[in-house]
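One structure is given below, encoded as C-alpha cells.
The values are calculated or read from the model by the stated rules, or taken from the named source; none is laboratory data. Please read these numbers as outputs of a predicted model, since none were measured by experiment. Quick reminder, even Gly has a Cβ in these numbers, built from the backbone with ideal geometry, and neighbours come from all protein chains shown.
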Amino acid sequence: MRNNNAIASQSKMKKNNIFLLVLSLALFLVSCQKDLDWTPSVLGPIVYTKANVKDLSDLKDKRATYYLPSFDLGFPENVPVTVPPLYIERLGPQTINISDYFIDVTIDTANITTSISNPFPIPIGAGTKVVMRDAEDTTQSSVIYDFMIDEDIPAGGQFSSITIFENSVVTSTVYLYLEDFQSPGDTNVIFTSEPAEFSMEIGFLSIENIRILTDQELKVEQTMNMSLSNSSDSTLESGMLHIYLDNELPVNMAFQMYFMDQNDVGIIDSMFDGKANVIAGTTDPVTGSKITSTEAQIDIPINKAKLDLWKTSGNIRAVFNVNTNGMPGSFVTAGNTLDMQMTIAGDLDLVFTFN
C-alpha cells in the first residue's frame, strides 16, 4: 500500500514539475523578448443574417388614397355657396395600383391606418365609410376592408385610426369607394381647390403567402452590423472571408455589400467586385412551401489594408436585386416560412504581440 502511494505521489510531482517548467519558460520568453509574435488562424462567424419573404417582397408603404374634390359633391371652388345636409350613397371608385411585383398577398394579420384630411368648410359626417375592394363592383364579396367614421370630422380637421384585420387577401390593384357620405352642411362657405383625402395604409404583420409575378425585378436594401474588432494586443493581418448562402425563396438574387462611413452616407468599400448571384429555390405553387433550396459559397481574399479600411466603417448596407426573370408560368408562390440565410465567416490570421 505504501509503495502504491509513493508511486502516485512521485507521478504527481513529475506532472507539477513539467507544468512549472513550461510556465517558467513562457514567462522567461515573454520577459526577454519585447516583440514575441504569435500568428494563429481563426475561423468564426462575423455576420449571420436572414431575409424572409416579407423582407424581400414589395410589402412596405402600401398606401391607397382617395382624393375628393368639391366639384364631385356638386360645389364650385372659390365662390360662396350654401351646402344643405348631404347624403351620397356612393362615390368612386378610384383605382390604385399598390404593386407591380405581386399578384396578391394572403394575410394572417395586418394593421391598417385610416387617415382623413378634411380641408372642406363643412364637416364630414359620422357614418361615412371608406371601402377598399379587390374589384370594381359593389358586392360584399369584393370588400377587402371597410372603415366607418363614428364622429364628425370638423371643417379643416384631421382624423386617424389604426385597426387590425386578419385572414384576408390584398390584391396588387385595389378600388377605393366612399359610401354613405354624409355632412350636416353649412351656409355661406367657400371651397378651395384642395381635395379631401381618405387614405388607407397597410402594415403587413404576418402573411401566409405571396404570389409574385414572373419576369419582375425588385431592389431591396438592408442594414447590418459587422464586427472586425479584436483585443488591444492583437491585429488582424490577412485571410479569407467565406459567404455561405442558403436560398429557399423562389426568386433569383444578385447582391452586393457596401461598407458605409460612420454617418451611413458615403461608401468606403464594397465586399467584392461586381455582384454575387444566387439561384432561386422552388416552391409549391399553391401553398408556397419549400420544394428545393439552393446553396452557394463565395470566397473573398482580403489583406491587412482592406481589413483596416473595413474597420473604420459604420454599418454594412446589403443591396439585393431580386428577380423572377425567365421562370415558367405567370407567378411563383412564397410561403411565410421561407427565407434566405447568409453567414459570413472569417478565416483570418491574427498577430498577437506581447509587450
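Listed residues T333, T312, T324; which is farther than 19 Å from V220 by Cα and in the same structural domain as M260 (by TED's automatic domain parsing)? If you could, list the steps in order and put the result at the bottom.
Working: T333 fails: farther than 19 Å from V220 by Cα; T324 fails: farther than 19 Å from V220 by Cα.
T312 is the lone residue from the list that is farther than 19 Å from V220 by Cα and in the same structural domain as M260 (by TED's automatic domain parsing).
Checking the condition within 21 Å of D246 (Cβ to Cβ), loosely packed, with under 15 Cβ neighbours inside 10 Å and among the polar types (S, T, N, Q), which residue from T343, T337, T324, T333 passes? Before you say what the answer is, go through the steps one by one.
Values: T343 fails: loosely packed, with under 15 Cβ neighbours inside 10 Å; T324 fails: loosely packed, with under 15 Cβ neighbours inside 10 Å; T333 fails: loosely packed, with under 15 Cβ neighbours inside 10 Å.
Result: T337 is the single residue among T343, T337, T324, T333 that is within 21 Å of D246 (Cβ to Cβ), loosely packed, with under 15 Cβ neighbours inside 10 Å and among the polar types (S, T, N, Q).
Within the range 268-323, considering only strands (runs of 3 or more DSSP E) that don't extend past its boundaries, which have at least 3 residues that are more than 23 Å from the chain's Cα centre (by Cα)? Write out each step before concluding.
On the way: elements: 276-278, 290-292, 294-303, 316-323.
Filter on the range 268-323 gives 294-303.
Please name all residue pairs, on different chains or six or more residues apart, with Cβ atoms under 8 Å, provided the first residue is in the range 308-321 and is under 18 Å from A280 (Cα atoms) and modelled with pLDDT of 85 or more and the second residue is assigned to a strand (DSSP E or B) and among the charged types (D, E, K, R).
Pairs that qualify, where the first residue is under 18 Å from A280 (Cα atoms) and modelled with pLDDT of 85 or more and the partner is assigned to a strand (DSSP E or B) and among the charged types (D, E, K, R), are V319/K219; V319/E221; F320/K219; F320/E221; N321/E217; N321/K219.
Spot the failing condition for L228; the list is (1) modelled with pLDDT of 95 or more; (2) outside any strand (DSSP E or B), and only one is missed.
So the condition that L228 fails would be (1).
What tally of residues in the range 133-165 results from selecting those that are in contact with a helix residue (DSSP H, G or I) (Cβ under 9 Å, 6 or more places away or on another chain) and assigned to a strand (DSSP E or B)?
Step one: filter the range 133-165 for residues in contact with a helix residue (DSSP H, G or I) (Cβ under 9 Å, 6 or more places away or on another chain), giving 133-136.
Filter once more, so that each one left must be assigned to a strand (DSSP E or B): 133.
Selection size over the range 133-165: 1.
Hey, among D246, D264, which residue is surrounded by 15 or more Cβ atoms within 10 Å (Cβ to Cβ) and acidic (D, E)? Outline the logic, then answer.
Working: D264 fails: surrounded by 15 or more Cβ atoms within 10 Å (Cβ to Cβ).
Every option except D246 fails the conditions.
Report yes if A110 is in contact with a strand residue (DSSP E or B) (Cβ under 9 Å, 6 or more places away or on another chain), buried (at least 20 other Cβ atoms within 10 Å of the Cβ) and in the same structural domain as I344 (by TED's automatic domain parsing), otherwise no. Can you show your working first?
On the way: in contact with a strand residue (DSSP E or B) (Cβ under 9 Å, 6 or more places away or on another chain): yes; buried (at least 20 other Cβ atoms within 10 Å of the Cβ): yes; in the same structural domain as I344 (by TED's automatic domain parsing): no.
The answer is no for A110.
Have a look at K304, K275 and point out the one that is out of contact with any Pro (no Cβ under 7 Å at 6 or more places or on another chain), modelled with pLDDT under 80, more than 19 Å from E248 (Cβ to Cβ) and assigned by TED's automatic domain parsing to the domain that holds S238.
Working: K275 fails: modelled with pLDDT under 80.
Of the residues listed, the single one that is out of contact with any Pro (no Cβ under 7 Å at 6 or more places or on another chain), modelled with pLDDT under 80, more than 19 Å from E248 (Cβ to Cβ) and assigned by TED's automatic domain parsing to the domain that holds S238 is K304.
Here is a check on your reading of the model: is E197 acidic (D, E), surrounded by 16 or more Cβ atoms within 10 Å (Cβ to Cβ) and assigned to a strand (DSSP E or B)?
Details: acidic (D, E): yes; surrounded by 16 or more Cβ atoms within 10 Å (Cβ to Cβ): no; assigned to a strand (DSSP E or B): yes.
No; evaluated as a whole, the condition is false for this residue.
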